[in-house]
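The values are calculated or read from the model by the stated rules, or taken from the named source; none is laboratory data. Everything quoted here is computed from the prediction, not taken from an experiment. Note that each Cβ is placed from the backbone with ideal geometry, even for glycine, and that neighbours are counted across all protein chains shown. Just the protein is used for accessible areas: all its heavy atoms, side chains included, with ligands, DNA and RNA removed. Shrake-Rupley method; radii C 1.70, N 1.55, O 1.52, S 1.80 Å.
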Amino acid sequence: MPATKGGAAVLGYRDHYVVDGGKARIILSALVTPASIMDNTPMLDLTDWVCERWKIKPQIAVGDSKYGTVKNMTGLEQAGIKAYVPIPDLRKRNAFYPAEDFHYDPEHNQYICPQSHPLPLLSRRKSEEMYVYRADKKLCNACPVKSECTKSKSGRHIFRSFHQEYVETVKAYHPTPEYQKAMSKRAFWGEPLFGEAKDFHRLRRFRLLFSSSSLHSLSSFD
Ligand code: SF4
């Protein structure tokens with residue numbers, strides 16, 4: 001699959017590791033995928049595989065912000081594993097008020113905007129597993145801070161995951177000492193494994209071997 005290298009398309013692969021939390025840094029599973037498979041995609045399958053293969057039940061799973069998808073948070077939490085992952089900060093993506101500036105009112109199933117106006121539920125998007133809330137367009141179009149909130153002429157929209165309760169659970173871990181310690185351990189013990197694999201064990205390239213019916217073996221060569 002193409003990956004960018006100086007703007008040109010090249011063939012590339014990603015290696016994915018599951019590493020235990022001890023000082024020995026035992027690699028419990030390794031997977032090589034085409035570069036088009038994002039880091040976060042195999043997380044739940046790898047977790048299932050590791051639990052089944054090694055007959056273990058982890059209490060927490062730790063990853064960087066690339067792993068902080070709603071799907072991963074939901075899957076881990078539903079499996080009884082605490083998802084210690086950062087949540088991408090969407091504030092940097094545009095100049096408008098982020099969703100975090102809108103207060104959710106569970107009693108009335110609506111959001112309250114920074115100008116204290118309600119955004120009632122507008123629709124459900126099943127394919128995206130999102131609820132859509134929208135403010136009254138007349139209020140928004142007359143709002144003194146509209147330029148900081150939305151360009152829409154039909155009123156500001158807010159999206160809420162069907163699984164928002166798991167996102168809130170994960171957010172609540174972030175200030176805890178346990179979470180901070182786990183993230184620190186990951187950075188100092190787990191993350192260097194990728195560089196060590198390249199520099200000490202010559203795992204810079206993978207050759208995938210095909211049988212007549214399937215992709216069945218992978219090895220490293222340099
Ligand atoms: S633009 Fe609409 S949603 Fe945004 S602060 Fe103003 S009234 Fe509230």
Practice task
Please give the length that would be gained between residue 109 and residue 165 if that part of the chain were fully extended, namely 0.36 nm times their separation in residues minus their C-alpha to C-alpha distance (nm, one decimal).
Solution key: 18.8 nm
Handout entry: Highest-first arrangement of 148-155, 75-82, where packing means the average Cβ count within 10 Å
Key = 75-82, 148-155
Fill in the blank from the handout: Sorting 38, 184, 152 by the position of each Cα along the dipole of the chain (Lys, Arg +1; Asp, Glu -1; all at Cβ), the one nearest the positive end of that ordering is 152
Practice task
At 7 Å along the Cα-to-beta-carbon direction for both residue 151 and residue 20, put a label point, then send me their distance in nm to one decimal.
Solution key: 5.3
Exercise for the section: Using the 2.2 N^0.38 Å rule of thumb for compact globular proteins, work out how the chain stacks up: its C-alpha Rg over that value, please. Expected result: 1.27
Fill in the blank from the handout: For residue 191 and residue 122, extending 7 Å from Cα along the Cα-Cβ vector and measuring point to point gives, in nm, a value of 3.8
Handout entry: In degrees, nearest ten, helix 43-54 long axis to first principal axis of the chain (Cα)
Key = 40
Practice task
Please identify which residues in region 72-113 have an amide N closer than 12 Å to a label point set 7 Å out from the Cα of residue 54, following the Cα→Cβ vector.
Solution key: none
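Roughly how many Å² is the accessible area per residue of the chain, as a whole number, for a 1.4 Å probe? Please report the intermediate quantities before stating the final value.
Working: 14630 Å² over 222 residues.
Roughly 66 Å² per residue, with all protein chains present.
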Completion exercise
Once phi for every residue in region 132-147 is put through the Karplus expression 6.51 cos²θ - 1.76 cosθ + 1.60 (θ = phi - 60°), the whole-Hz ³J(HN,Hα) values, with Gly and Pro written as x, are 10, 10, 9, 7, 4, 5, 5, 5, 5, 5, 9, 6, x, 10, 4, 4
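To the nearest 0.05, how large is the calculated FRET efficiency for residue 96 and residue 184 if R₀ is 30 Å and r is the Cβ-Cβ distance?
Details: r = 33 Å, r/R0 = 1.11.
Between residue 96 and residue 184 the formula returns 0.35.
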Practice task
Report, to two decimal places, the Cα Rg of region 90-161 normalised by 2.2 N^0.38 Å (N = number of residues).
Solution key: 1.05
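Just reorder 84, 67 by solvent-accessible area, largest first, 1.4 Å probe, all chains present. Walk me through the numbers before you get to the answer.
Numbers: 84 10, 67 45 Å².
The most accessible residue leads, giving 67, 84.
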Exercise for the section: With the Cα gyration tensor of region 115-193 in hand, give its eigenvalues times 5 under a square root as the equivalent ellipsoid semi-axes, listed largest first in whole angstrom. Expected result: 37, 16, 12
Exercise for the section: Specify the residue with the greatest mean-square fluctuation among 53, 160, 93, computed from a Gaussian network of the chain linking alpha-carbon atoms under 10 Å apart. Expected result: 93
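Pull out a ≥ b ≥ c, the square roots of the eigenvalues of the alpha-carbon gyration tensor of region 31-113, then state rounded if a/c is under 1.5, prolate if not and a/b is larger than b/c, and oblate in the remaining case.
oblate
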Problem - Three-way shape call for region 74-113 based on the alpha-carbon gyration tensor, with the a/c threshold at 1.5 - result: oblate
Practice task
Could you work out how far apart the two model spin labels at residue 30 and residue 65 are, taking each label as a point 7 Å from the Cα in the direction of the beta carbon, and quote it in nm?
Solution key: 2.9
Practice task
Springs between alpha-carbon atoms under 10 Å, Gaussian network over the chain: tell me which of 39, 136, 64 tops the mean-square fluctuations.
Solution key: 136
Handout entry: Dipole magnitude of region 42-148, debye to nearest 20 (Cβ charges: Lys/Arg +1, Asp/Glu -1, about Cα centre)
Key = 240
Completion exercise
Filtered hits (aspartates and glutamates, Cα-Cα < 17 Å from residue 138, offset >= 8 within chain) -> 148
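For residue 129 and residue 202, what is the calculated FRET efficiency with R₀ set at 41 Å and r taken between the beta-carbons, to the nearest 0.05?
Between residue 129 and residue 202 the formula returns 0.45.
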